[in-house]
1. Provide the convex hull volume over Cα atoms per residue for the chain, in Å³.
2. Could you sort 59-72, 128-141 so that the peptide with the highest average Cβ count within 10 Å comes first and the rest follow in order?
3. Mind sorting Val115, Val125, Val55, Val44 by how few other Cβ atoms lie within 10 Å of their own Cβ, fewest first?
4. Roughly what angle does helix 102-126 make with the longest principal axis of the chain, taking Cα atoms, 0 to 90 degrees, to the nearest 10?
5. Could you check which residue among Leu126, Leu79, Leu87 shows the biggest mean-square fluctuation in a GNM of the chain with a 10 Å Cα cutoff?
Amino acid sequence: MSQIRVINTSLFLLLTFLIQESVIARINFPLGGFSLYIAVLMIVLSLEDRTGSLVFGFIGGLILDLSPAAQSPFGQWALAMTFIGYLFSVNRETVGDFNDRPITFISLISFGAAVSMITFLVIGVLLGQNNGGVVRNLTLIFANSFWTFLIVPIFIPITLKIRKFLLTNRERV
C-alpha cells in the first residue's frame with residue numbers, strides 16, 4: 001500500500017465525514033440516526049487487505065474522534081475502528097467475494113456498523129464513561145443498523161468507483 005493511497009483515502013474519508021456532519025446529521029430519522037461516515041468506512045474496511053483494514057480503521061477512527069458532538073476521550077473511536085478493521089481483516093477470506101452476493105455485503109456493512117457502535121460503548125464502559133441508558137443505546141444501534149441496511153445500497157456503487165479511482169496502477173492489476 002502506497003503512501004499516496006493512504007493520503008487519498010484519508011482525504012476521501014475526511015470529505016465523507018464533513019458531509020456526514022454538515023448534512024446527514026441534521027436529518028431527523030425515525031427511531032434514531034444514520035451515520036453515512038460509519039457505513040462508508042465499513043465499505044472501505046471490508047474491501048481492504050489485512051494491512052489496509054487496520055490502517056484505515058485507525059485513520060477512520062481518528063477522523064471520527066474529531067466530531068464536535070463526541071463527548072468521549074480522544075482515541076476511543078480510533079481504538080474501536082481499529083478493532084473492527086482487525087475483525088474485517090481476519091474474516092475477509094471467510095466471507096468471500098461480494099460481487100456474487102450483494103445482500104451479504106449489505107448485511108455485513110450493517111452488522112459491522114452495529115458492532116463498531118457496541119465496541120465503542122464497551123470501551124466507554126471500560127473507561128468509566130456514562131453512556132446513557134441501555135434501552136436508548138440499543139435503540140440507536142438498531143436504528144442505525146436498520147437505516148444502514150436500507151440506505152447503503154445507494155452508496156455502494158459510488159464508494160466502489162471512488163475506491164477504484166484511489167487505487168494506484170500497481171494495485172489495480
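Each value in this text was obtained by applying a stated rule to the coordinates, not by laboratory testing. All values derive from a computational prediction rather than experimental measurement. When we count neighbours, we look across all protein chains shown, and the Cβ atoms used for this are built from the backbone with ideal geometry, even at glycine.
1. Expressed per residue, the convex hull around the Cα atoms of the chain is 114 Å³.
2. Ranked by mean Cβ neighbours within 10 Å, highest first: 59-72, 128-141.
3. The order, fewest Cβ neighbours first, is Val125, Val115, Val55, Val44.
4. With both axes taken from Cα atoms, the answer is about 50 degrees.
5. Top of the fluctuation ranking is Leu126.
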